[in-house]
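Single-structure report; data block below.
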Amino acid sequence: MTEQQFIPKTYSNTVESGKVTWESPSNIALIKYWGKKKDQIPENPSISFTLNHCKTITTVTFSKKENISDFEFDVFLDGEKKDDFKPKIETFFKRVEVYLPFLKAYKFKIETKNTFPHSSGIASSASGMSALALCLMSIEKQLLSDVTLSAVERSLSDNYFNQKASFLARLGSGSACRSIEGDLIVWGENEVVDGSSDLFGVKYPYKVHDNFKDYQDTILLVDKGEKQVSSTVGHNLMHNHPYAKNRFQQAHNHLEKLKPILESGDLDAFIALIESEALTLHAMMMTSMPYFILMKPNTLEIINKIWMFRQKTGLHISFTLDAGANVHVLYPKNESVKILEFIKNELVAYCQNGHYICDQIGFGAKQLTIDN
Ligand code: PMV
């Protein structure tokens, strides 16, 4: 696959107006993407669990303009007009225009909401950008739709739909390309996963042990404020980073190691690998120039408590981190009663206002029918 394959031939249908809605989940990386080349091409492969409850729901209403002019759109979050969201979407539209040539021919109303609190420190860019990419793909599908397709062609076109949605989402926000499908998604070309690509996320195609079915992710909201250093800045600091080369190679090695772990259900090996990934991500931040720290004292308190509890009980509780202070506590479903009790009794005290979100592995985005 190359970028060229996502440039559509001429649109066969005329559609005057319409409305589409998608809900798309967030995801949490087990092997982290940190460092990118031009156009959100990752420096290393990553793999994530798609989440189930943390989602963005986006409705795009569209109507054909008299003349093709510049991009025309308005954005609403929870019903409130958000002009400060427009520059990011304008940049996204510019980047994807060549792949979605209808963008300048329509006027759009983009209405969006998140199932998680806006200022929770949970990035909405993965779920938000994937939901928007899917809405745009549904519009394109109406412009292209061909009723003469056979069942096989239709299933191939479903695959193309997801791939192109992931490809577009990536151009909005790198990790968003892992939010289209579930439950385990790989992004970034590598030798371990057949069909992997730098351009879009693919479903992890190999055997996954039942231990990882319904895996739980309780997100402890340690700090709900804006990050001091954005991920765009953080990614860029991997250029000329003294440890970058080794880190990128390590991600490939970790993916190779993860494959037999996922197959055999070896939870201890899984924990060692994903915790090392989380701390390596933050080590890269701390060894950038300029250096920065996104963890907070309570992040470390929680990590230490998790380690002590694991040692004492032998339960398979572990953590991962994204580019922030919040802690994702990961554990198998069949250990959830004791682990949730521990989280409530011992860890919630370290969360801002005691806030946390219970989530688990999910299976990807869904199109919704919303009455006009
Ligand atoms: O998609 P971005 O540019 O916000 O980068 C996200 C990077 C991490 O969340 C830190 C890791 C990952 O793979 O999701």
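The values are calculated or read from the model by the stated rules, or taken from the named source; none is laboratory data. Since the model is a prediction, treat every value here as computed from it, not as a measurement. As a convention, Cβ positions derive from the backbone with ideal geometry for all residues, glycine included, and neighbour counts pool all protein chains shown. Surface accessibility is based on the protein's heavy atoms, side chains included, excluding ligands, DNA and RNA. Shrake-Rupley method; radii C 1.70, N 1.55, O 1.52, S 1.80 Å.
What number of residues in the stretch 252-282 are on the phi < 0 side of the Ramachandran plot and either in the same structural domain as residue 31 (by TED's automatic domain parsing) or open to solvent by less than 40 Å² (accessible area, probe 1.4 Å) (or both)?
Here is the first cut: in the stretch 252-282, the ones on the phi < 0 side of the Ramachandran plot are 252-264, 266-282.
Subsequent filtering for residues that are either in the same structural domain as residue 31 (by TED's automatic domain parsing) or open to solvent by less than 40 Å² (accessible area, probe 1.4 Å) (or both) retains 254-255, 258, 261-262, 267, 269-271, 273-275, 277-278, 280-282.
Number of matching residues: 17.
Output the residues belonging to the stretch 311-335 that are in contact (Cβ under 8 Å) with a residue 12 or more places away in the chain, of a type in the set (D, E, K, R) and away from the ligand (no atom under 16 Å from the Cβ).
Pass one, the stretch 311-335, residues in contact (Cβ under 8 Å) with a residue 12 or more places away in the chain: 313, 315-333, 335.
Of the ones still in play, those that are also of a type in the set (D, E, K, R) are 322, 333, 335.
Result: 333, 335.
Within the stretch 191-219, can you find the residues that are over 19 Å from residue 42 (Cβ atoms), more than 16 Å from the ligand (Cβ to nearest atom) and either at pLDDT below 95 or in contact with a strand residue (DSSP E or B) (Cβ under 7 Å, 6 or more places away or on another chain) (or both)?
Selection gives 208, 213, 214, 215, 216, 218.
Quick one: how many residues across the stretch 103-125 are aliphatic (A, V, I, L, M), in contact (Cβ under 8 Å) with a residue 40 or more places away in the chain and open to solvent by less than 10 Å² (accessible area, probe 1.4 Å)? I'd like the intermediate steps shown before the answer.
Filtering the stretch 103-125 for residues aliphatic (A, V, I, L, M) gives 103, 105, 110, 122-123.
Keeping just the survivors that are in contact (Cβ under 8 Å) with a residue 40 or more places away in the chain gives 105, 110, 122-123.
Adding the requirement that they be open to solvent by less than 10 Å² (accessible area, probe 1.4 Å) leaves 110.
Qualifying residue count for the region: 1.
Can you name the condition, by its number, that residue 198 falls short on among (1) open to solvent by 30 Å² or more (accessible area, probe 1.4 Å); (2) farther than 26 Å from residue 159 by Cβ; (3) under 19 Å from the mean Cα position of the chain (by Cα)?
(2)
Within the stretch 19-40, which residues are more than 17 Å from the chain's Cα centre (by Cα) and closer than 23 Å to residue 364 by Cβ? Step through it out loud before you land on a result.
From the stretch 19-40, those more than 17 Å from the chain's Cα centre (by Cα) are 19-21, 37-38; that's our starting set.
Scanning the stretch 19-40 gives 19, 20, 21.
Does any residue in the stretch 227-240 that is of a type in the set (A, V, I, L, M) come within less than 6 Å, Cβ to Cβ, of a residue that is open to solvent by less than 50 Å² (accessible area, probe 1.4 Å) six or more places away or on a different chain, and which pairs are these?
229/292; 237/288; 238/35; 238/244
For the stretch 11-60, enumerate the residues that are surrounded by fewer than 18 Cβ atoms within 10 Å (Cβ to Cβ), within 16 Å of the ligand (Cβ to nearest atom) and not in a strand (DSSP E or B).
38, 39 - these are the residues of the stretch 11-60 that are surrounded by fewer than 18 Cβ atoms within 10 Å (Cβ to Cβ), within 16 Å of the ligand (Cβ to nearest atom) and not in a strand (DSSP E or B).
From (1) open to solvent by 30 Å² or more (accessible area, probe 1.4 Å); (2) more than 16 Å from the ligand (Cβ to nearest atom); (3) at negative phi; (4) out of contact with any strand residue (DSSP E or B) (no Cβ under 7 Å at 6 or more places or on another chain), pick out the condition that doesn't hold for residue 79.
Failed condition: (3).
Identify, by number, the condition in (1) modelled with pLDDT of 95 or more; (2) in a helix (DSSP H, G or I) that residue 85 doesn't meet.
(1)
Just need a number here: residues in the stretch 329-360 that are part of a strand (DSSP E or B) and open to solvent by 10 Å² or more (accessible area, probe 1.4 Å).
The initial filter retains those residues of the stretch 329-360 that are part of a strand (DSSP E or B), namely 329-331, 356-360.
Add one more test, that the residue is open to solvent by 10 Å² or more (accessible area, probe 1.4 Å), and what stays is 356-358, 360.
Count: 4.
Counting only residues that are of a type in the set (S, T, N, Q) and more than 23 Å from the chain's Cα centre (by Cα), which one in the stretch 283-303 is least open to solvent (accessible area, probe 1.4 Å)? Quick ask: steps written out before the conclusion?
If we filter the stretch 283-303 for residues that are of a type in the set (S, T, N, Q), which is where we start, we get 287-288, 298-299.
Now restrict to residues that are more than 23 Å from the chain's Cα centre (by Cα): 287-288, 298.
On the way: 287: 54, 288: 4, 298: 55 Å².
Only one residue fits best here, namely 288.
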